[in-house]
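**Q** What follows is a single structure, and I will ask about it in a moment.
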Amino acid sequence: MSTTDLDGRRILAIVTNYGVEQDELVVPVKHLREKGAQVSVAAVSDEEIRTLVGDRDPGATVQPDLTLADVDPAVYDLLLVPGGTLNADSLRVDDATTRIVSSFAASGRPVAAICHGLWALVEGGYVQGKTLTSYASLRTDITNAGGTWVDKSVVRDDASGWPLISSRNPGDLEDFLREIDTVLTEA
């Protein structure tokens, strides 16, 4: 049964074409669509996205809706940045990713990142002054970038004029999605 709590909301998920953690992409996209949101998945190229489970086992394939280069970030209400070590490591050095993250932060729109997905924000300098969580191995990166890392299932920080929702791993998806729903219904 579909609810319509998020009718009219537009969500952008950004990934590479290989290595995104399956549940960190597939579960939020399904959840948000079932709630009535329009979700666009943008990847580096228009080829299918090959997800992984636990950074090693083949997962589901997903067809992107557009490429990162073609994204107009201004038309979206929330940015979703899934993890997966390979995905996040490549995504963080992509110029289009920096442009997209910058657009959301500069305009005060929320960003939701999970696991290694926070690397995209570290790389662009967007964690300074924020309290957040991530996969534990990013703790030093976040601290060195001026953020405060905590070990919680979900953290929301509204400092610097824009909400950042962060979670540690796929085990935190229930809390992560609840906070995304909350921030989208507040606006």
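**Q** May I ask which residue of SER167, VAL71, THR131 lies farthest towards the positive end of the charge dipole of segment 10-186, with charges of +1 (Lys, Arg) and -1 (Asp, Glu) on Cβ and the Cα centre as origin?
**A** Farthest towards the positive end: THR131.
**Q** May I pose another question? Under unit Cβ charges (Lys, Arg +1; Asp, Glu -1), what dipole magnitude, rounded to 20 debye, does segment 10-186 have relative to its Cα centre?
**A** Around 320 debye, computed over segment 10-186.
**Q** Rounding to the nearest 20 debye, state how big the charge dipole of segment 67-110 is about its Cα centre with +1 on each Lys and Arg Cβ and -1 on each Asp and Glu Cβ.
**A** 140
**Q** Can you check what the net charge comes to around LEU52, using other residues whose Cβ is under 11 Å from the Cβ of LEU52 (Lys, Arg +1; Asp, Glu -1)?
**A** That works out to -3.
**Q** Going by how many other beta carbons lie within 10 Å of each one, how would you line up PHE176, PHE104, fewest first?
**A** Ranked by crowding around the Cβ, least crowded first: PHE104, PHE176.
**Q** Say the dipole of segment 10-186 comes from +1 at the beta carbon of Lys and Arg and -1 at that of Asp and Glu; which of ALA106, ALA13, GLY59 then lies farthest toward its positive end?
**A** ALA106
**Q** What dipole magnitude, in Debye to the nearest 20, does segment 16-100 give about its Cα centre under +1 on Lys/Arg Cβ and -1 on Asp/Glu Cβ?
**A** Using Cβ point charges on Lys, Arg, Asp and Glu, segment 16-100 gives about 200 debye.
**Q** Moving on to the next point. In the chain, what percentage of the DSSP-assigned beta bridges are antiparallel, given to the nearest 5?
**A** Taking every DSSP beta bridge with both residues in the chain, the antiparallel ones total about 30 percent.
**Q** Quick check: net charge around ALA96, other residues with Cβ under 14 Å of its Cβ, Lys/Arg +1 and Asp/Glu -1?
**A** -4
**Q** Regarding segment 80-164, what whole-number volume in Å³ per residue does the convex hull of its Cα atoms give?
**A** 74
**Q** Among all stretches of the chain without exposed GluC sites (Glu not before Pro) (DSSP loop, at most 15 other Cβ atoms within 10 Å), which one is longest?
**A** Counting only loop sites that pass the neighbour cut-off, the longest clear stretch is 49-187.
**Q** Regarding segment 10-186, what are the three Cα extents along the principal axes, ordered largest first, in Å?
**A** The Cα atoms of segment 10-186 stretch 37, 33, 31 Å along the principal axes, largest first.
**Q** With Rg and the Kirkwood Rh both taken from Cα atoms, where does Rg over Rh land for segment 31-131?
**A** Reported Rg/Rh, Kirkwood definition of Rh: 0.94.
**Q** Here is a further query. Among the lysines, which have Cα under 16 Å from the Cα of LYS130 when same-chain residues fewer than 8 positions away are ignored?
**A** Qualifying lysines at Cα under 16 Å: LYS152.
**Q** I would also like to ask the following. Please order TYR135, TYR126 by the number of other Cβ within 10 Å, starting at the fewest.
**A** If I rank by nearby Cβ atoms, fewest first, I get TYR135, TYR126.
Only the coordinates and a few stated rules stand behind these numbers; no lab work does. Quick caveat, the model's predicted, so the values are computed rather than measured. Every residue, glycine as well, gets a Cβ built from its backbone with ideal geometry; the counts of neighbours run over all protein chains shown.
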